[in-house]
1. Of all the residues that make up the range 50-71, how many are open to solvent by less than 60 Å² (accessible area, probe 1.4 Å), small (G, A, S) and in a loop (DSSP other than H, G, I, E, B)?
2. Just to be sure, is V93 in contact with a helix residue (DSSP H, G or I) (Cβ under 8 Å, 6 or more places away or on another chain), open to solvent by 20 Å² or more (accessible area, probe 1.4 Å) and outside any strand (DSSP E or B)?
3. Kindly evaluate P81 against the criterion of being of a type outside the set (A, V, I, L, M), open to solvent by 20 Å² or more (accessible area, probe 1.4 Å) and over 12 Å from the mean Cα position of the chain (by Cα).
4. Which one of these is under 22 Å from T140 (Cβ atoms), surrounded by 13 or more Cβ atoms within 10 Å (Cβ to Cβ) and touching a Lys or Arg at 6+ places or on another chain (Cβ under 8 Å): A29, A47, A43, A12?
5. Any idea which of D131, D135 is more than 30 Å from V106 (Cα to Cα), open to solvent by 40 Å² or more (accessible area, probe 1.4 Å) and in contact with a strand residue (DSSP E or B) (Cβ under 8 Å, 6 or more places away or on another chain)?
6. Condition (residue is at pLDDT 95 or above, out of contact with any helix residue (DSSP H, G or I) (no Cβ under 8 Å at 6 or more places or on another chain) and over 14 Å from T8 (Cα atoms)) applied to the range 57-79: is it met by at least one residue?
7. Need a quick list: helices (runs of 4 or more DSSP H) entirely within the range 104-179 having at least 1 residues that are among the β-branched types (V, I, T) and touching a helix residue (DSSP H, G or I) at 6+ places or on another chain (Cβ under 9 Å).
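The values are calculated or read from the model by the stated rules, or taken from the named source; none is laboratory data. Not measured: the values here are computed from a predicted model. Methodologically, a virtual Cβ is constructed for each residue, glycine included, from the backbone with ideal geometry; neighbour enumeration extends over all protein chains shown. To get the accessible areas, we keep the full protein, side chains included, count just its heavy atoms, and leave off ligands, DNA and RNA. Shrake-Rupley method; radii C 1.70, N 1.55, O 1.52, S 1.80 Å.
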Amino acid sequence: MAFAVARTWDEAQLYLELHPCPDCGSVDAPWEQALIQIRGEPASSYAATCPGCSAEREYLFGVPARETPVRGWPTFGGPEPSELLDAGQWLDVADTAAAAVPTDPVEAGRVLAIAQAAVVEVIKFVPAGADAVPDDEFWTPEGRALRAAEPGRFRLDRLLVTRDSYAELSREISETGAR
């Protein structure tokens with residue numbers, strides 16, 4: 001029984017935020033993480049009691065074969081593409097973050113860091129030598145819907161421009177806030 005691997009704590013937390021309680025829709029939950037074994041296989045368990053409706057919730061993730069180096073924040077994963085979120089979901093995370101950049105320079109930098117890191121995650125789905133994310137890297141209804149609505153956004157050249165634009169905007173905001 002293989003579980004989709006959560007490469008880092010940040011990736012697991014994002015996945016949990018994107019999966020509200022199926023009973024009441026609450027995204028707030030006091031998640032407790034534990035390393036467990038299921039049929040001899042290591043797994044990471046995230047369990048909580050929903051504060052909105054008291055439903056017991058648990059998600060099980062695979063453990064990476066090797067530790068993912070954490071460099072900065074957020075660190076969603078290493079060089080391999082995500083097994084938890086598909087390419088369309090990652091681009092939606094970037095879009096959602098970029099649409100909600102606050103005026104406070106410190107918070108704006110954090111939100112833009114999420115947007116930029118999410119675009120980097122989309123880029124990881126582009127195979128070496130390819131110019132776009134392949135169709136089979138969209139496995140959720142949400143991801144496939146975004147791909148169908150705007151397929152050009154998943155071209156490598158556009159993804160690189162988007163990533164770099166978020167980085168530049170973040171630098172500009174931090175420079176302005178430092179003045």
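1. Going through the range 50-71 one residue at a time, the tally reaches 2.
2. no
3. Against the criterion (of a type outside the set (A, V, I, L, M), open to solvent by 20 Å² or more (accessible area, probe 1.4 Å) and over 12 Å from the mean Cα position of the chain (by Cα)), P81 does not qualify.
4. A29
5. Residue meeting the stated conditions: D131.
6. The answer is yes; a qualifying residue exists.
7. 105-123, 156-178
Results for (1) farther than 26 Å from R153 by Cβ; (2) out of contact with any strand residue (DSSP E or B) (no Cβ under 7 Å at 6 or more places or on another chain), shown as yes or no for each residue.
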{"position": "T8", "(1), (2)": "no, yes"}
{"position": "C24", "(1), (2)": "yes, yes"}
{"position": "G52", "(1), (2)": "yes, yes"}
{"position": "G62", "(1), (2)": "yes, no"}
{"position": "S82", "(1), (2)": "no, yes"}
{"position": "D92", "(1), (2)": "no, yes"}
{"position": "A100", "(1), (2)": "no, yes"}
